[in-house]
Each structure stands twice: as structure tokens, then as C-alpha cells.
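Peer 1: Encoded as C-alpha cells, here's the structure I'll be asking about.
The values are calculated or read from the model by the stated rules, or taken from the named source; none is laboratory data. Everything numeric in this text was worked out from a predicted model, so none of it was measured. A quick note on method: Cβ atoms are made from the backbone with ideal geometry, for glycine too, and the neighbour counts reach across all protein chains shown. Heavy atoms of the whole protein, side chains included, go into the accessibility calculation; ligands, DNA and RNA do not. Shrake-Rupley method; radii C 1.70, N 1.55, O 1.52, S 1.80 Å.
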Amino acid sequence: MDTAEVILSVLVVVIIIVSLLSNVLVLICFLYNPEIRKQVPGLFNLNLTFCNLLLTVSNMPLTLVGLVSKAQPGGDGFCQIVGFLETFLSTNSMLSMAALSIDRWIAVVFPLRYHSKMRHKDAAFVLGYTWAHSMSFSTVATCLSWVGYHRLYASCTLSNPRASSRTQFVIFTVFFHSFTFLLSFIVLCVTYLKVLKVARFHCKRIDVITMQTLVLLVDIHPSVRQRCLEEQKRRRQRATRKISTFIGTFMLCFAPYVITSCPTLPPLCFLPTPARVGR
């Protein structure tokens, strides 16, 4: 192994450890906190956590084996099962994050009607769609033998070694990423922009009340007044920072999954990309 492969292997090990620890902690919080279990978003978080855990256990160790051995881990049948899980779990994770954004949008924009609009059975219906959506794409890819070991990715994933069905595979890949990654990204942006708009409106109202109070308190010390003004500024920035972090996390986790599919789409992409190491 050269230096780049050693660094990449170490990075994969670090990602596996961090992913296991973080998702296990989320699972422990869900199991031991009854308040979280009562809340509707807890179902989306639980589904997302399980998908991430299964993806970490099933895909990433085999990616590490592929990097070290430079060969397919296991037989073709085993690799197809792993590729099916990789496609299904990745899709489910993206849609779960989109479902969380829809839940937060309803909670912030329609707070008085939230409990009537987003009940546990509504959350179960949304999760049912995410599972059906994920299952349909992964099943089609598996039935058409479009999952297998890919040397560039060093893992079992979407792959089409047959030239005869290359056009169909390109069309499938474009539809898959459009109705999964792109759709989830658009949902996240639209919902959280509306949440940010409401948050800024409430911050503006709080700022007006604060300024009126400061005007009435003529004897207030200048340092206290300055701290109040600084707190107003931090309040305005806090909502933007949180929303940007959530959307940025989505892009950081799943954009490489889409970008590394470019080598399979020669009409659209021409640059080589690094190996996919999982999420």
C-alpha cells in the first residue's frame, strides 16, 4: 500500500469509530429518555440512526477490506447483498433527513396545529414512504444486476460492468439521484428557509421589545446596554448558523455519494473522483 492508501484506510477507520459512537449514543438517548420517545421527530431520528448504524457495520468495514486487499470482499452474491443494503440505507438516510426538516417546518410555521398535522401515524406514513422509495430503487438495481464490486470505490455499490445496458444504467442513476439526493436537498432548503424566516421575524420582535426596554432604563450601565445589543446580534445569527449546519451536514455526508457516481455517466462528468468511503 502506498502513502495515500494508508491515509485513506486510517480515515475510514476513524469514520467507522466516530459513526459507531455517535449513533450508539443517539440510540441510548432514545431508549432511556421517555420524553424523546413520545415526540414524533423521535421516530425519524430512530430510523436515521438505525440506517447509519447498519451502513457503518455492513458497508464501511468491507470498503476498508477492499482498500487493503485491493480485491472484492466475498463472492458475487454476497457483494450484491451488500450493494443492495448500501443503496437502500443511503437512500433511506437522505429521505429521513428530509422528513425531519418537514417536521420542523410544521412545528415552527404551524405551532398551534402541529399536533393535529404531525401525529405518530402521520410519521409512520412518512417513514413507510421512505422505505418504499428506498426499496424500489435498490430492488430494481439488484434485479438488473446493477450492483456489484467497483474498483474505484473499493466497495460493493451501484455498478454496471455490461456495455449493453450502459444507457439504461445512466438513465436509472440520473433518476435515482434526482428523486433521492436532489429531492431531499430541495426539501431541506425550502423548509428550513421558511423556518429561518419565522425565526428572524420573532428575533425582530424580541429586539424591538428589548430596545424599548433599554430606552426606558435611562440609568442602565453602558456595559449592560452593550451586552444586550451583542445578545441581539448573536440571537439573529444563531438560527442561521444552526440551519446552515444542518444543511451543510447533509451535503457533507451525501454529496460525495452522488459526485462519485460521475465516472459512470461519461456524457455528464469527465473528471476522476476519489474512492467512496461511506458515511
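Peer 1: Residue check: is Leu53 in contact (Cβ under 8 Å) with a residue 40 or more places away in the chain, under 26 Å from Phe137 (Cα atoms) and either of a type in the set (A, V, I, L, M, F, W, C) or open to solvent by 70 Å² or more (accessible area, probe 1.4 Å) (or both)?
Peer 2: Answer is no for this residue.
Peer 1: Sort out which residues of the stretch 133-164 are over 18 Å from the mean Cα position of the chain (by Cα), open to solvent by 20 Å² or more (accessible area, probe 1.4 Å) and either at pLDDT 85 or above or of a type in the set (D, E, K, R) (or both), and write them in order of number.
Peer 2: Within the stretch 133-164, Ser136, Thr139, Val140, Thr142, Cys143, Leu144, Ser145, Arg151, Arg162 meet the criteria.
Peer 1: Still on this model: Mind checking which residues of the stretch 1-19 are closer than 22 Å to Ser96 by Cβ and open to solvent by less than 60 Å² (accessible area, probe 1.4 Å)?
Peer 2: Ile15, Ile16, Ser19
Peer 1: Under the condition of being within 22 Å of His150 (Cβ to Cβ) and among the hydroxyl-bearing types (Ser, Thr, Tyr), which residue from the stretch 37-80 is farthest from the chain's Cα centre (by Cα)?
Peer 2: Result: Ser69.
Peer 1: Can you name the number of the only condition in (1) more than 20 Å from the chain's Cα centre (by Cα); (2) free of Cβ contacts under 8 Å to residues at least 60 places away in the same chain that Asp122 fails?
Peer 2: Only one criterion in (1) more than 20 Å from the chain's Cα centre (by Cα); (2) free of Cβ contacts under 8 Å to residues at least 60 places away in the same chain is unmet by Asp122, namely (2).
Peer 1: Output the number of the condition that Thr56 fails; it satisfies all remaining conditions of (1) among the hydroxyl-bearing types (Ser, Thr, Tyr); (2) over 28 Å from Ser155 (Cβ atoms); (3) touching a helix residue (DSSP H, G or I) at 6+ places or on another chain (Cβ under 6 Å).
Peer 2: Among (1) among the hydroxyl-bearing types (Ser, Thr, Tyr); (2) over 28 Å from Ser155 (Cβ atoms); (3) touching a helix residue (DSSP H, G or I) at 6+ places or on another chain (Cβ under 6 Å), the lone unmet condition for Thr56 is (2).
Peer 1: Considering only helices (runs of 4 or more DSSP H) fully contained in the stretch 3-107, which possess at least 3 residues that are under 20 Å from Phe181 (Cβ atoms)?
Peer 2: 41-58
Peer 1: Looking at (1) under 19 Å from Val170 (Cα atoms); (2) surrounded by fewer than 20 Cβ atoms within 10 Å (Cβ to Cβ); (3) among the acidic types (Asp, Glu), which one does Glu86 not meet, given that it meets all the others?
Peer 2: (2)
Peer 1: Go through the residues of the stretch 62-69 one by one and say whether even a single one is over 18 Å from Ile16 (Cβ atoms), free of Cβ contacts under 8 Å to residues at least 24 places away in the same chain and open to solvent by 20 Å² or more (accessible area, probe 1.4 Å).
Peer 2: no
Peer 1: A follow-up question, please. Residue by residue through the stretch 31-50, note down the ones that are open to solvent by less than 60 Å² (accessible area, probe 1.4 Å), out of contact with any Gly (no Cβ under 6 Å at 6 or more places or on another chain) and either acidic (Asp, Glu) or farther than 18 Å from Ser134 by Cβ (or both).
Peer 2: Asn33, Val40, Pro41, Gly42
Peer 1: Moving on. Name the pairs whose Cβ atoms lie under 8 Å apart, with the first residue in the stretch 174-185 and more than 12 Å from Phe250 (Cβ to Cβ), the second exposed (fewer than 15 other Cβ atoms within 10 Å of the Cβ) and of a type in the set (Gly, Ala, Ser), and 6 or more positions between them or separate chains?
Peer 2: So the pair list comes out empty.
Peer 1: Okay, moving on. Of the residues that sit in the stretch 165-192 and are polar (S, T, N, Q) and open to solvent by 30 Å² or more (accessible area, probe 1.4 Å), which one is modelled with the lowest pLDDT?
Peer 2: Filtering the stretch 165-192 for residues that are polar (S, T, N, Q) and open to solvent by 30 Å² or more (accessible area, probe 1.4 Å), the one modelled with the lowest pLDDT comes out as Thr167.
Peer 1: Moving on to the next point. If I ask for residues that are at pLDDT 90 or above and over 19 Å from Asn45 (Cβ atoms), which ones from the stretch 87-126 would you list?
Peer 2: Scanning the stretch 87-126 gives a single hit, Thr87.
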